[in-house]
Amino acid sequence: MSLDSSRGPTDPSTLSQSSVEAAFYPLYERLFGDESEFVEELERKLAQARMSSSVEMYLSRALAVGLLVGFGLWLLGSFVGWLLARTVLEPGAVGVPLPDVLSAVLDVVRTPLILLISGLVFGSIGFTLGFASLVSLPYIRANQRKREINSLLPETIAFMYALSVGGMNQLEIVRATDRAEDTYGEVAKEFQSIVLETEYFDTDYRTAVRNQSLETPSEPFSQFLTDMLSILDSGGNMRQFLKDQKDKHIRTAKQEQQRQLDTLELFGEMYMTLSLFPLLLIIVLVIMGMMGSGSKEFMLMMTVYGLIPLIGGAFLVLVSTATSDEFGDGYIRPERDDDFTIDEGISALNTDLVDEYAGSYGVFDRIKRRHRSYELGQILRAPHLFFRDHPVFVLLFTVPLTLVLLAAAVLTNNAPTSLNAVQGQVIWGTFVWIYLPLYINFLPLAVFHEWNVRSRRAVLGNLSENLRKLASANDTGMTLLESLKVVSETSSGRLATEFEEMYAKVNYGTSLKDTLREFNNKYHIPRLARTVKLVSEAQETSSQIQDVLSTAAASSENQDDIERERRSRTLMQVVIIMMTYMTLLAVMALLQVQFLDSMSALTGSESAQAAEGGAGGQSDQFGASIDTEFLSMLFFHAVTIQALISAIVAGYIRNVDLVSGVKYAIPLATIALVVWVLVEAVSGGGGEAAVLLLVGSTGWSLDATRLAVARRSLGELRSDRVSGLLDTGP
């Protein structure tokens, strides 16, 4: 990436690009001039996205992709036009009388004209898609970098201020921030550009800062660099400047979160309306079908199996635009020329440390051969700890188990295998194909995921308080290591235990810096990583870092306030989503019990009267085409799908994590199942039989005759109602 924003004519022979880009470079020169504003804007976005391609070659590549895709769709469009000319648009298909001469001319030019128009339309669409997809990529990446820089900027400035309080000068602070890419991400990369420009391009420090302020995609960061440059030029107090900037950006972060939470509240109100729209549409379609306006089965199925998931997916995308992700993976990686190594994945699958020494001596080769078997043995001895650290891997066991159980149910004829069979056994069929996989897969995943989250976040509970204690102990003259020992003895909780372990590791020969990294990487929480990074950098300069620890504690307290308010506000959104779902479930249950059953009884009585009075007028009966079993299945599936979608949305709003919605999916789906069992019991037939079987399976004394009737009625249509079975009691 060029650090100079100026651009002049480029000779393609001097650019080490592919032959395709070089071949399309003349087309670029013909279409785009040297003074094109579009080219200048794209070049700026390429720099902001940190993409190394020059704008000339990048646009040449985009033109090549666009023309290739356009040519492919032109061929497809020509074929489609030929089919239309041979089938749909035959001579006289329009139905408009034309003079013989004009008709003869149209017959001659009809096929070529259709081929030309369809080819141009499809080709234009293909070129636009190919060219625009490549051109939009720098804009997308630049916007992603902008979001991350704006999110991490307040904590980065707090990091710089804490180092200035610890005694570092301006250049040392910039270099320390440059090395903190693992914790401060794209902000650190912006400072890397400043350092690299001063070291390798013989640019003075002020000019490098000015250039980066022009190239960064973040307006707040650009303003920060501009203000810092003015302090450097005027010789002002850098520490006071960083303190003021820290306070300013923390206030800005709180205001931004308030705006995001207000937006989420608006989205919550929108979700209430959007989630009820399919219900209203179902009611309208059912009434229209009962009035004899044609079969609405396909539209009902599209509403339940298509519209409800589509609305949920669209709402998730909408929410993702208003929530701020937690950037970074939480690991602190070794610096250059550092022997410290980290294990970011599954130790049984990660042999990088062993591979580093294998081949030198025979003992290392034997260690490499036995490493994987030893790690697998550790997993087998404590699988619950492995699944706690890697919750998603539990699906490797539950998914095959689900497939085996479903296959066994099908082979033993205990699972309905057709739509009509599911309609006849709504509860059982839905339980086998939806609820059984849901319980087998989601329940272990929810347990281990929550265990993982709680075990990792337990260390954050007393972080601010313990940092204050460390600062007080360090202020009395103790070293940081001695302060860790004192705080571990006078505090309780997970963090105090970790302080005690760190003290023991240092006494056994591990450096304090490596010990801090090991502690952080054990939990790999981005917020914790930024605090540990600050303490690790500061303790290398001096053992008396009470001011740094106090600054870190204040920054942690600000984060606690922001997190506390976010969880409080998002809790209300989760409650709104849950109550909206409960309302939808209640309405669907009442619709099934009061409306459909009443209409079914009315239809049955009208059918009997029509049979007595003759066959005439049978098709004119109100609700004659109603299929209560089909509608009951659709209603049950609608509330089940809505339960899963509401759970995923609630989990994402709560924790910005889709997997966290699993813990809401299980209770919501269970409530839907229990409610529908009761609905079917009230409606009669298969529901009553299902209740009888459930009662019999719990050990109540039911005679064999009644159980046989119940089992038989589960496979029959609802017209064979098993009435009165529950009246006598078990």
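A single member of PRO444, PRO437, PRO416 is buried (at least 17 other Cβ atoms within 10 Å of the Cβ), farther than 24 Å from LEU678 by Cα and either out of contact with any Leu (no Cβ under 7 Å at 6 or more places or on another chain) or not aromatic (Phe, Trp, Tyr) (or both), and it is PRO444. Filter the range 265-286 down to the residues that are aromatic (Phe, Trp, Tyr) and within 24 Å of the chain's Cα centre (by Cα), then identify the one that is surrounded by the most Cβ atoms within 10 Å (Cβ to Cβ). In this case the residue turns out to be TYR271. Suppose we filter GLU190, GLU172 for residues that are among the charged types (D, E, K, R), at pLDDT 85 or above, in a helix (DSSP H, G or I) and crowded, with 22+ Cβ neighbours inside 10 Å; which single one remains? Within the list GLU190, GLU172, the selection yields GLU190. Among the conditions (1) touching a helix residue (DSSP H, G or I) at 6+ places or on another chain (Cβ under 7 Å); (2) aliphatic (A, V, I, L, M); (3) at pLDDT 90 or above; (4) under 25 Å from MET51 (Cα atoms), the only one that ILE125 does not satisfy is (4). Can you pull out the residues in the range 245-264 that are surrounded by fewer than 14 Cβ atoms within 10 Å (Cβ to Cβ) and either over 21 Å from ASP560 (Cβ atoms) or not polar (S, T, N, Q) (or both)? Those that are surrounded by fewer than 14 Cβ atoms within 10 Å (Cβ to Cβ) and either over 21 Å from ASP560 (Cβ atoms) or not polar (S, T, N, Q) (or both): ARG251, ARG259, ASP262.
Restricting attention to the range 198-207, the residues being touching a helix residue (DSSP H, G or I) at 6+ places or on another chain (Cβ under 6 Å) and either at pLDDT 90 or above or farther than 23 Å from LEU163 by Cα (or both) number 1.
Condition first: β-branched (Val, Ile, Thr), surrounded by 11 or more Cβ atoms within 10 Å (Cβ to Cβ) and either modelled with pLDDT under 85 or assigned by TED's automatic domain parsing to the domain that holds VAL659 (or both). Now tell me which residues in the range 360-395 satisfy that. Matches in the range 360-395: ILE367, ILE379. Scanning the range 494-549 for residues that are closer than 20 Å to MET478 by Cβ, in contact (Cβ under 8 Å) with a residue 12 or more places away in the chain and of a type outside the set (Gly, Ala, Ser) yields a total of 28.
I'm trying to understand the selection: among the residues of the range 315-326, which are modelled with pLDDT of 85 or more, surrounded by fewer than 18 Cβ atoms within 10 Å (Cβ to Cβ) and β-branched (Val, Ile, Thr)? Walk me through it before giving the result.
Let us first name the residues in the range 315-326 that are modelled with pLDDT of 85 or more, namely 315-319.
From what is left, the residues that are surrounded by fewer than 18 Cβ atoms within 10 Å (Cβ to Cβ) are 316-318.
Once the filter is applied, which keeps residues that are modelled with pLDDT of 85 or more, surrounded by fewer than 18 Cβ atoms within 10 Å (Cβ to Cβ) and β-branched (Val, Ile, Thr), the range 315-326 yields only VAL317.
Only residues in the range 21-49 that are polar (S, T, N, Q) count as the first member; pair them with residues that are crowded, with 20+ Cβ neighbours inside 10 Å, Cβ under 6 angstrom, at least 6 apart or cross-chain, and list the lot. Within 6 Å, the pairs are GLN48/ALA142; GLN48/PRO217. Condition test on GLN144, is it within 21 Å of LYS248 (Cβ to Cβ) and surrounded by fewer than 21 Cβ atoms within 10 Å (Cβ to Cβ)? No, not satisfied.
Out of LEU163, LEU232, report the one residue that is buried (at least 17 other Cβ atoms within 10 Å of the Cβ), part of a helix (DSSP H, G or I), at pLDDT below 90 and not aromatic (Phe, Trp, Tyr). First the steps, then the outcome.
Numbers: LEU232 fails: buried (at least 17 other Cβ atoms within 10 Å of the Cβ).
The unique qualifying residue is LEU163.
A single entry from GLY330, GLY292, GLY312, GLY306 fulfils the requirement of being modelled with pLDDT of 80 or more and outside any helix (DSSP H, G or I): GLY330.
Take the conditions at pLDDT 85 or above, assigned to a helix (DSSP H, G or I), out of contact with any Lys or Arg (no Cβ under 8 Å at 6 or more places or on another chain) and farther than 17 Å from LEU153 by Cα and apply them to ARG259. Does it pass? The answer is yes for ARG259. Residues in the range 43-57 that are assigned to a helix (DSSP H, G or I) and either within 13 Å of THR216 (Cα to Cα) or at pLDDT 90 or above (or both): GLU43, ARG44, LYS45, LEU46, ALA47, GLN48.
For the range 641-659, which residues satisfy the criterion of being over 27 Å from ASN452 (Cβ atoms) and surrounded by 21 or more Cβ atoms within 10 Å (Cβ to Cβ)?
Looking only at the range 641-659, we keep the residues that are over 27 Å from ASN452 (Cβ atoms), and these are 641-642.
Within the range 641-659, just GLN642 meets the criteria.
The values are calculated or read from the model by the stated rules, or taken from the named source; none is laboratory data. This one's a predicted model, so the numbers in the text were calculated from it and none came from an experiment. Cβ sites come from the backbone with ideal geometry, for glycine too, and all protein chains shown count toward neighbours.
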